[in-house]
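Trainee: Before I ask anything, let me first share the structure, which is written out below as structure tokens.
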Amino acid sequence: MRNSFDASRRRDGGNGGLGPRHKNGGQSPPCGVTGRCIASVLVTLITLAGCQAPPTDRELAYQAWDQQRAALKHELASSELREGRAEAAATLAREAVALSPQNPAHAELLAEACLARGDFAAARNVLTTACRVNPDAAQAAYMLGTLDERERNWPLAVEHFATAAAARPEVLEYQLALAQARAQAEGVGPARDGLLRCYDRFGSEPLYHVGCAELARLEGDLPSACVAYETAQRLGCDDPTMQQSLGLCYYWLGRHAAAVDQLQALVSKTQPPEPAAMIAYAGALLALGRTASAADWLTRFVTQRPDHEQLWLLLAQARARGGDQHGAGQAVREAQRLAPRSARVARMAAAVLLSAQQWEAARNAAHAAVALDDENADAHLLLGRASERLGECDVALAAYEQALELEPLSSAAAALLAGVDR
């Protein structure tokens, strides 16, 4: 950067502004000290004092001009980035940084361009430099935290998000990111406590309550999660992801009617919802005894997501309850085809086939479940029940004994064992 010392050198013929030259090219030596020594002393004193001569009007004009040019290049880079031309955006943003290095917004835009190119290391270098030049660059620190998240470096993410939150405590996004990183690095409890301390500032913000709900869910506190989601909804949050999360919490808590009401709008949309919402909605209908409605919805769901075995198993269950044993068997076979090595699918298939009174198919599914996980007591119980229905009492007896050995306190296994004809 130009300074007043350089400017005076230009005005006075390059002799540092220390007086007229002699005709022989020498310098007037005040007090016997050469001009070069005086210049060295002045520079040393300025350096030791830790100060700098105030900029001249010309230098201020140069700085203002550079800032204007940097702002123009920033706008051009932003436009290029919006159009998907990351390379051109990076070039322009880099020029903006060179013209105005003290403005962190230029470095942040350059980092965005680097990220758009997939160059995460370059983005980190740019942001680290920006934070070093301007320690209060909140957005640069936040972006560094997101890179730490990507690398699952949670302690460093906490450090960077904390820097951003301290610099701009009024920005909710920084507080939420800090809480989420703390949940990973320090545990959910400290993260929830930290977010709750922000209630006075953000209590009227729907997204604040969504963040509290997510942490409560992560800790397994579903009732508190429901309350927080409901508050966010009451404050005007209509985000489909939040609506789904609330519906799932209702379902997991056994509040089936509330789950149906919450998820109805989501599953009715043309665009298919997430499989979790489909499963919760259909499961809640089955729990409420609305078997025909559940079967109709599940028939629709499996056409939207034919690759999801859990939906096929629920459809089999709904059909079996509705008396469509043939349809139940078809749905079970599709689930088994999709997940032939899943012990859970094999157990559920055996249970559905038992309810459909397809004893031989149920026994085969139970055999598969035991082969895939012989430490699961339920698999042995299912094998025993199917074998007993087929008159294979010795097989049933052995299966019940094994289930009771795995779970000595199982009243179901004890009762079934007592009822076998010996």
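The values are calculated or read from the model by the stated rules, or taken from the named source; none is laboratory data. Just so it is clear, the structure is predicted and the values come from calculations on it, not from any experiment. Ideal geometry is used to build each Cβ from the backbone, glycine not excepted, and the neighbour counts take in all protein chains shown. Just the protein is used for accessible areas: all its heavy atoms, side chains included, with ligands, DNA and RNA removed. Shrake-Rupley method; radii C 1.70, N 1.55, O 1.52, S 1.80 Å.
Trainee: Could you give the angle, 0 to 90 degrees to the nearest 10, between helix 393-406's Cα long axis and the longest principal axis of the Cα atoms of the chain?
Mentor: Its long axis makes an angle of about 40 degrees.
Trainee: Right, something else. Assuming R0 = 51 Å, can you tell me the calculated FRET efficiency for the pair Thr241 and Leu72, based on Cβ-Cβ distance, to the nearest 0.05?
Mentor: The computed FRET efficiency comes out at 0.85.
Trainee: Arg333 to Asp200: FRET efficiency via 1/(1 + (r/R0)^6), r the Cβ-Cβ distance, R0 41 Å, to the nearest 0.05?
Mentor: Efficiency for this residue pair is about 0.10.
Trainee: Ignoring ligands, DNA and RNA, please state the percent of accessible area on the chain from carbon and sulfur, probe 1.4 Å.
Mentor: Answer for the chain is 52 percent, counting heavy atoms of protein chains only.
Trainee: For region 140-186, I need the span (max minus min coordinate) of the C-alpha atoms along each principal axis, in Å, sorted largest to smallest.
Mentor: 26, 20, 13
Trainee: Mean-square fluctuation check for the chain, GNM, Cα pairs under 10 Å: which of Ala177, Ala377, Ala320 is largest?
Mentor: Result for the chain, Cα springs under 10 Å: Ala377 fluctuates most.
Trainee: I need the phi-derived Karplus couplings for region 275-285: 6.51 cos²θ - 1.76 cosθ + 1.60, θ = phi - 60°, integer Hz, Gly and Pro marked x.
Mentor: x, 4, 5, 4, 5, 5, 5, 5, x, 5, 4
Trainee: In whole Hz, what ³J(HN,Hα) sequence does region 364-372 give by Karplus (6.51, -1.76, 1.60; θ = phi - 60°), x for Gly and Pro?
Mentor: Along region 364-372, the couplings run 5, 5, 5, 4, 5, 5, 5, 5, 7 Hz.
Trainee: Under a GNM of the chain (C-alpha, springs under 10 Å), which listed residue has the highest mean-square fluctuation: Ala412, Ala280, Ala191?
Mentor: Among Ala412, Ala280, Ala191, the largest GNM mean-square fluctuation belongs to Ala412.
Trainee: Pulled fully out, how much extra length does the chain show between Asp394 and Glu360, if you take 0.36 nm times their separation in residues and subtract their Cα-Cα distance?
Mentor: 10.6 nm
Trainee: Further, regarding this structure: Percent of Cα-Cα pairs per 10 Å bin, from 0 to the last occupied bin, for the chain, please list those.
Mentor: 4, 14, 15, 17, 15, 11, 7, 5, 4, 3, 2, 1, 0
Trainee: Separate question: Residue by residue through region 210-227, what is 3J(HN,Hα) from phi via Karplus (6.51 cos²θ - 1.76 cosθ + 1.60, θ = phi - 60°)? Round to whole Hz and write x for glycine and proline.
Mentor: Ordered by residue, 3J(HN,Hα) equals 4, x, 4, 5, 4, 5, 4, 4, 4, 8, x, 8, 5, x, 5, 4, 4, 4 Hz.
Trainee: Place a +1 charge on the Cβ of each Lys and Arg in the chain and a -1 charge on the Cβ of each Asp and Glu, then give the dipole magnitude about the Cα centre in debye, rounded to the nearest 20.
Mentor: The dipole of the chain has a size of about 1800 debye.
Trainee: Mind computing the radius of gyration and Dmax over the alpha-carbon atoms of region 215-261? Å is fine for both.
Mentor: Cα-based Rg and Dmax for region 215-261 come out at 9.9, 26 Å.
Trainee: Counting each pair of different Cα atoms once, what's the Kirkwood radius of region 229-350 in Å, rounded to one decimal?
Mentor: 14.8
Trainee: Per residue, how large is the accessible surface of the chain? Use a 1.4 angstrom probe and give square angstrom.
Mentor: I get 53 Å² per residue for the chain.
Trainee: Sort region 136-228 into rounded, prolate or oblate with this rule: let a ≥ b ≥ c be the square roots of the eigenvalues of the Cα gyration tensor; rounded if a/c is under 1.5, and if a/c is not under 1.5, prolate when a/b is larger than b/c, oblate otherwise.
Mentor: oblate
Trainee: May I ask you to list the GluC sites (Glu not before Pro) in region 363-422 that are in a DSSP loop and have at most 13 other Cβ atoms within 10 Å of their Cβ?
Mentor: Hits after loop and neighbour filter: Glu375.
Trainee: Using the Kirkwood radius over C-alpha pairs as Rh, can you work out the diffusion coefficient of region 69-201 via Stokes-Einstein at 20 °C, viscosity 1.002 mPa s, in µm² per second?
Mentor: Rounded, D is 141 µm²/s.
Trainee: While we're looking at this one, here's another question. How large is Rg over Rh for region 104-155, taking Rg from the Cα atoms and Rh as the Kirkwood inverse mean of 1/r across Cα pairs?
Mentor: When Rh is taken as the Kirkwood radius, the ratio is 0.94.
Trainee: Please state, as a whole number in µm²/s, the translational diffusion coefficient that the Stokes-Einstein equation yields for region 361-422 at 4 °C and 1.567 mPa s, with Rh defined as the Kirkwood radius across alpha carbon pairs.
Mentor: D = 118 µm²/s.
Trainee: Relative to 2.2 N^0.38 Å, what does the C-alpha radius of gyration of region 274-422 come to as a ratio? Two decimals please.
Mentor: That works out to 1.07 for region 274-422.
Trainee: Calculate, axis by axis, the spread of Cα positions in region 109-264 along the three principal axes, and write the results as whole Å, longest axis first.
Mentor: So the three principal-axis extents are 55, 33, 27 Å.
Trainee: Starting from the 7 Å offset along Cα-to-Cβ, what nm value, one decimal, do you get for the label separation of Arg58 and Ala371?
Mentor: Label at Arg58, label at Ala371, 9.1 nm between them.
Trainee: Something else now. Taking the Cα atoms of region 199-292, report the difference between the largest and smallest coordinate on each principal axis, in whole Å and largest first.
Mentor: 49, 28, 19 Å, listed from the longest principal axis down.
Trainee: Further, regarding this structure: Placing +1 on the Cβ of each Lys and Arg and -1 on the Cβ of each Asp and Glu in the chain, which of Leu178, Ala371, Cys237 has its Cα farthest towards the positive end of the resulting dipole?
Mentor: Leu178
Trainee: Heavy atoms only, probe 1.4 angstrom, no DNA, RNA or ligands counted: give me Glu83, Glu334 ranked by accessible area, highest first.
Mentor: These residues rank, largest area first, as Glu83, Glu334.
Trainee: Build a GNM of the chain with springs between Cα atoms under 10 Å: which of Asp296, Asp200, Asp261 gets the top mean-square fluctuation?
Mentor: Asp200
Trainee: Fully extended, how many nm does the chain gain between Trp65 and Ala257 (0.36 nm per residue separation, minus their Cα-Cα distance)?
Mentor: 62.6 nm
Trainee: Same structure, new question: For region 271-335, what log10 I(q)/I(0) values come out of the Debye formula at q = 0.18, 0.20 1/Å, with one point per alpha carbon and no solvent?
Mentor: Here the Debye-derived log intensity ratios amount to -0.53, -0.66.
Trainee: Okay, next question. Quick one: dipole size for region 79-230, taken about the Cα centre, charges +1 on Lys/Arg Cβ and -1 on Asp/Glu Cβ, in debye to the nearest 20.
Mentor: Dipole size: approximately 240 debye.
Trainee: To continue, here is another question. What order do Lys73, Lys269 take when sorted by accessible area (1.4 Å probe), most exposed first?
Mentor: Lys269, Lys73
Trainee: What FRET efficiency comes out for the pair Leu218/Leu288, r = Cβ-Cβ distance, R0 = 25 Å, nearest 0.05?
Mentor: Approximately 0.30, to the nearest 0.05.
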